[in-house]
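S.K.: Before I ask anything, let me first share the structure, which is written out below as structure tokens.
The values are calculated or read from the model by the stated rules, or taken from the named source; none is laboratory data. On a predicted model such as this, the values are computed, not experimentally measured, just so you know. In this analysis, Cβ positions are derived from the backbone assuming ideal geometry, glycine residues included, and neighbour counts consider all displayed protein chains. Surface accessibility is based on the protein's heavy atoms, side chains included, excluding ligands, DNA and RNA. Shrake-Rupley method; radii C 1.70, N 1.55, O 1.52, S 1.80 Å.
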Amino acid sequence: MSMESVTLQHLIKQTINQYVSSDIHIQSIKSNPVGAGSQAVELLRHHIEFLINGVNKDISFVTKKATFIERSAFSRLFLQGANVPYSLSNEIHTQDRSLICIQDVDYQTDYSHLDIDLLQNKELQALAYIHGTNMGSKKELPWIPIVDRSHIHRNDGKTLETFVEHRHKKSIIY
């Protein structure tokens with residue numbers, strides 16, 4: 001087994017231990033290429049079957065070599081409670097690309113029965129939450145897109161409405 005395979009399997013096991021349970025027994029890991037991502041890096045999907053408390057379960061992860069900004073964004077947004085997958089990287093502080101293991105929230109999706117309107121509304125709510133939570137942090141967080149008039153226009157004003165609604169709820173709750 002190559003050093004890269006050992007490192008990959010170790011990261012998958014660490015991710016499971018941190019986010020699922022440390023009391024599992026991995027039965028199998030099957031890895032398949034997904035193709036190159038938007039930044040032309042190799043994406044692998046890993047289907048893991050495991051045993052926990054005598055019950056067979058499965059989970060899926062995606063791994064890739066992610067930039068420092070990608071790893072930082074995933075980590076920060078997850079810690080803020082944003083609707084993003086959990087992830088783990090062994091080299092979080094390196095500025096170079098580093099292997100990241102990301103929860104595959106899509107592996108059981110039945111694309112023939114998607115409610116597109118509901119999905120788009122959830123996406124808008126998630127984006128509004130991210131922008132609202134990080135408002136005023138542009139210098140600290142250059143990877144967050146600016147919600148300007150052209151962005152609002154492209155989204156038929158839904159982003160602004162959802163953002164305002166989220167900010168209103170947040171101010172009431174806190």
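S.K.: Report whether or not Q27 is outside any helix (DSSP H, G or I), of a type outside the set (D, E), more than 22 Å from I130 (Cβ to Cβ) and open to solvent by 60 Å² or more (accessible area, probe 1.4 Å). Before you say what the answer is, go through the steps one by one.
M.R.: On the way: outside any helix (DSSP H, G or I): yes; of a type outside the set (D, E): yes; more than 22 Å from I130 (Cβ to Cβ): yes; open to solvent by 60 Å² or more (accessible area, probe 1.4 Å): yes.
Answer is yes for this residue.
S.K.: Since F78 meets every condition but one in (1) touching a helix residue (DSSP H, G or I) at 6+ places or on another chain (Cβ under 7 Å); (2) surrounded by 14 or more Cβ atoms within 10 Å (Cβ to Cβ), which condition does it not meet?
M.R.: (1)
S.K.: While we're here: Just to be sure, is V34 open to solvent by 30 Å² or more (accessible area, probe 1.4 Å) and either under 22 Å from T7 (Cβ atoms) or at pLDDT 90 or above (or both)? Let's see the steps before the verdict.
M.R.: Details: open to solvent by 30 Å² or more (accessible area, probe 1.4 Å): yes; either under 22 Å from T7 (Cβ atoms) or at pLDDT 90 or above (or both): yes.
It is true that V34 is open to solvent by 30 Å² or more (accessible area, probe 1.4 Å) and either under 22 Å from T7 (Cβ atoms) or at pLDDT 90 or above (or both).
S.K.: Condition first: small (G, A, S) and over 24 Å from L119 (Cβ atoms). Now tell me which residues in the stretch 32-86 satisfy that.
M.R.: Narrowing the stretch 32-86 to residues small (G, A, S): 35-38, 40, 54, 60, 66, 72-73, 75, 81-82.
Of everything in the stretch 32-86, those that are small (G, A, S) and over 24 Å from L119 (Cβ atoms) turn out to be A36, A40, G54, A66, S72, S75.
S.K.: Here is a further query. Within the bounds of the stretch 148-171, is there any residue that is open to solvent by 100 Å² or more (accessible area, probe 1.4 Å) and either of a type in the set (A, V, I, L, M) or modelled with pLDDT of 80 or more (or both)?
M.R.: No, the stretch 148-171 contains no residue that is open to solvent by 100 Å² or more (accessible area, probe 1.4 Å) and either of a type in the set (A, V, I, L, M) or modelled with pLDDT of 80 or more (or both).
S.K.: Further, regarding this structure: If you go through the stretch 89-100 one residue at a time, do you hit one that is touching a Cys at 6+ places or on another chain (Cβ under 9 Å), under 19 Å from E4 (Cβ atoms) and buried (at least 17 other Cβ atoms within 10 Å of the Cβ)?
M.R.: Scanning the stretch 89-100 turns up at least one residue that is touching a Cys at 6+ places or on another chain (Cβ under 9 Å), under 19 Å from E4 (Cβ atoms) and buried (at least 17 other Cβ atoms within 10 Å of the Cβ).
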